[in-house]
Every structure is written in structure tokens, then in C-alpha cells.
1. Restricting the search to region 100-125, which residues are surrounded by fewer than 14 Cβ atoms within 10 Å (Cβ to Cβ) and closer than 27 Å to S167 by Cα?
2. Before we move on, is K100 basic (K, R), farther than 22 Å from K63 by Cβ, over 17 Å from the mean Cα position of the chain (by Cα) and modelled with pLDDT of 95 or more?
3. Looking at (1) in contact (Cβ under 8 Å) with a residue 40 or more places away in the chain; (2) open to solvent by 30 Å² or more (accessible area, probe 1.4 Å), can you tell me which one K134 breaks?
4. Restricting to region 87-99, count the residues that are open to solvent by 40 Å² or more (accessible area, probe 1.4 Å) and of a type in the set (F, W, Y).
5. In region 72-86, what residues are of a type in the set (F, W, Y) and surrounded by fewer than 22 Cβ atoms within 10 Å (Cβ to Cβ)?
6. If you check every pair at least six apart or on different chains, which have Cβ atoms under 7 Å apart with a residue in region 88-99 that is free of Cβ contacts under 8 Å to residues at least 40 places away in the same chain first and a residue that is among the β-branched types (V, I, T) and open to solvent by less than 40 Å² (accessible area, probe 1.4 Å) second?
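The values are calculated or read from the model by the stated rules, or taken from the named source; none is laboratory data. Everything numeric here is computed off the predicted structure, so don't read it as measured data. A quick note on method: Cβ atoms are made from the backbone with ideal geometry, for glycine too, and the neighbour counts reach across all protein chains shown. Side chains included, ligands, DNA and RNA excluded: accessible areas come from the protein's heavy atoms. Shrake-Rupley method; radii C 1.70, N 1.55, O 1.52, S 1.80 Å.
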Amino acid sequence: MKKSIISFAVCFFLTGNVFSQREFVGDEQIVEEKVVEEKMVEEEEVVLAWEANFKQALRKSKKEKKPILIYFTGSDWCGPCKVLDKKLFHTDKFKGLADKDLILYEADNPRNKGLVDSYKLKENLKLIRKYNVKSYPTLVLVNHKGKMIGYKKGLILTEYYYPFIQSVIENY
């Protein structure tokens with residue numbers, strides 16, 4: 001039994017070139033990868049300028065004369081939040097709108113509290129109470145004083161968010 005196992009191992013290693021995906025041409029080794037490649041179009045990730053804390057967002061709003069969009073989310077458990085994040089916030093169209101006309105603040109309330117630092121989590125919980133957020137996702141637009149000027153809760157078709165946000169911006 002030992003001899004057959006050893007014989008098999010020797011044969012396997014000696015015939016490695018039969019099983020490998022390498023060919024030798026002259027002195028050069030040509031490596032051929034025989035893997036079926038999926039053609040994936042690499043999308044450039046859209047990066048938004050979310051403010052680090054709400055007080056900073058208020059100061060920036062006053063200075064730049066732009067409303068603040070507060071995005072209330074449960075990043076690690078809320079399915080609709082993940083959809084909204086991908087289909088609205090990670091688009092070039094939203095980035096263009098946000099860069100030009102909005103200050104962004106994400107008020108995350110994850111189940112895994114370690115995902116958000118303790119100061120920011122405390123700040124987010126205060127904002128949840130202040131703006132009476134009962135469901136996720138919720139978008140609240142406020143002025144530089146923190147006064148609510150727009151409110152949209154739940155997941156709707158992403159194209160319906162733009163007229164809502166645009167109307168708040170125009171009336172700001």
C-alpha cells in the first residue's frame with residue numbers, strides 16, 4: 001500500500017507539466033492562464049463629503065449658505081438603507097447635486113455600536129430624538145440653525161428623491 005501511494009506521488013510530481021498550465025517555448029516560460037474571465041466593468045467609486053460631526057455640518061451650512069441633508073440609517077441591519085445608499089448616494093448624479101448644493105451628515109444607528117465612535121453615536125441618538133425618526137432610511141433637511149425644512153422617510157424610487165431635494169434647495 002505504501003509503495004502504491006509513493007508511486008502515485010512520484011508519478012504525479014514528475015508529470016506536473018501535464019497538469020500545470022505552463023508551456024515552455026525555447027528558453028522562455030510562457031504562463032497561460034486558462035481561467036474563464038468575467039468581463040466586469042469597473043465602476044469608479046463615488047465618494048461623498050460627509051461631515052464628521054453635526055456641529056461641523058451646522059457651521060459649514062452657515063458659511064456656505066447650503067442646507068444640511070441628514071441621512072438616518074442603520075448601516076449594518078437596514079436593507080432599504082443599503083439599497084438607498086447604493087442607488088442614490090453612490091451615483092454621479094447625486095454627487096454633483098451634493099457637491100454643489102448640500103452639506104451632508106450621516107446619522108448612523110447600527111446594531112453593532114462599535115461601528116460608530118461613542119461621541120458620534122451619542123450625537124446621532126440625540127438627532128434621532130430631535131427629528132422624531134421612527135423608521136429607516138429617513139432623510140431630513142435642515143437649515144444652519146438645525147430647523148427642519150424637509151423630511152422624507154422610507155425607501156422610494158430613487159428618481160423621486162431628486163425633486164424633493166431640489167424643491168428644498170430652491171426654497172432655502
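1. K100
2. So K100 fails the test.
3. (1)
4. Looking only at that region, the number is 0.
5. If the condition is that a residue be of a type in the set (F, W, Y) and surrounded by fewer than 22 Cβ atoms within 10 Å (Cβ to Cβ), then W77 is the only one that fits.
6. Going by the 7 Å Cβ cut-off, there are no qualifying pairs.
Per-residue answers, yes or no, for (1) among the polar types (S, T, N, Q); (2) assigned to a loop (DSSP other than H, G, I, E, B); (3) closer than 23 Å to L48 by Cα:
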position: P110; (1), (2), (3): no, yes, yes
position: G114; (1), (2), (3): no, no, yes
position: R129; (1), (2), (3): no, no, no
position: N132; (1), (2), (3): yes, yes, no
